[in-house]
Amino acid sequence: MACNFLAVIFFNYVFLGHLHGLLLTDPAHVEQRLNQMENQIQGLSQEVNTLKQENAALKAQVSSAGNSTLVYFSAYLKNSVSPSSIIDVVYDGVRSNYHNSYNPATGRFTAPVKGFYVFAWETVTGPNKIFDTELLVNGERVMLNNCNNLAPGGAYVSCSGTAPTLLKPGDIVHVRTTSGNYLHGGGWSSFSGWLVHTL
C-alpha cells in the first residue's frame, strides 16, 4: 500500500506539479524527496504502533487496578445484645465481604489499600432503651450516633450514622458503644463500608 502511495506522489510531482516552484524533472531530486517521504511514513507507522502498545498497556493496568481495589462489606447483628458496660459491637452476620477485609469474629474492618472510604451503621433499639455508639479508626473517634429511646411509650427506633474517612493500609475501623443497654438483632442492626477511591 505504501508503494502505491509513493507511485502516485511520484506521478504527481514529475508530470503534474511543482515543489517549491521547481518542476520535478531531475530524477535524483525526485528520488531524494521520495526517500524522505518514505522515511516519514515509516516514522509515523512506528509512532502508531507505539501508541497502540501504550494504549493496550494502560487498558490492562486500569483493568488490573479495578479488580484489585474493589472493597466493600455489609454485616449485621444476628442476636440482640444487652450490655451493662461499654463494648465493641460485633456484627457477626455477613451479607457481603469483598476483599475479606471485614472480620465478623471481631467486628473490625482492616483497610487493605490507601483511599477514601465511607462507613455506615444502623442501630435499632427497643422501647425505654438506649444504644449510643461511636465509629473508631485505630481507637480514635470519627463519628457519634445517638439512639436514645428512653421517652415513655416509645416503640422500636432506628438510628443511622455515616462517616467518610481517609484510611491507609492496616487502619482498623469498628463500632463501640458510648452508653447503651439494648441493640436489636435479627439483621435489623448493621454495619457496612466501601472504598470510594484509592489514593
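What follows draws every value from the coordinates through simple rules; no lab data is involved. Since the model is a prediction, treat every value here as computed from it, not as a measurement. Using ideal geometry, Cβ is built from the backbone for each residue, glycine included, and neighbour counts are taken over all protein chains shown.
Details
- Taking amide H as placed 1.01 Å from N in the peptide plane, Ser80 has its amide H under 5 Å from the amide H of Gly185, Gly186, each at least 5 places away in sequence or on another chain.
- Sites Leu70 and Thr106, calculated FRET efficiency, Cβ-Cβ separation with R0 22 Å, nearest 0.05: 0.45
- 3J(HN,Hα) from dihedral phi, the range 135-140, Karplus parametrisation 6.51/-1.76/1.60, rounded to Hz, x for glycine, proline: 9, 10, 10, 6, x, 9
- For the pair Ala151 and Asn97, a Förster radius of 41 Å applied to the C-beta separation gives a FRET efficiency near 0.65, rounded to the nearest 0.05.
- If the chain linking Glu54 and Ser84 were pulled fully straight, counting 0.36 nm for each residue of separation and taking away their Cα-Cα distance, it would gain 4.7 nm.
- For peptides 110-122, 44-56, 141-153, 167-179, sequence by mean Cβ density within 10 Å, most packed first: 110-122, 167-179, 141-153, 44-56
- Each Lys or Arg adds one and each Asp or Glu subtracts one; over the other residues with Cβ under 15 Å from the Cβ of Val137, this totals +1.
- Computed packing ranks the peptides 187-193, 70-76, 158-164 as 187-193, 70-76, 158-164, most packed first, by mean other Cβ atoms within 10 Å.
- Annotation: amide H of Thr178 within the under-5 Å range of Asp132, Thr133, Glu134, sequence separation 5 or more or interchain, hydrogens built in the peptide plane.
- Table column - 3J(HN,Hα) (Hz), the range 86-101, Karplus curve with 6.51, -1.76, 1.60, x for Gly and Pro: 5, 9, 7, 7, 9, 7, 8, x, 10, 8, 7, 7, 6, 5, 6, 8
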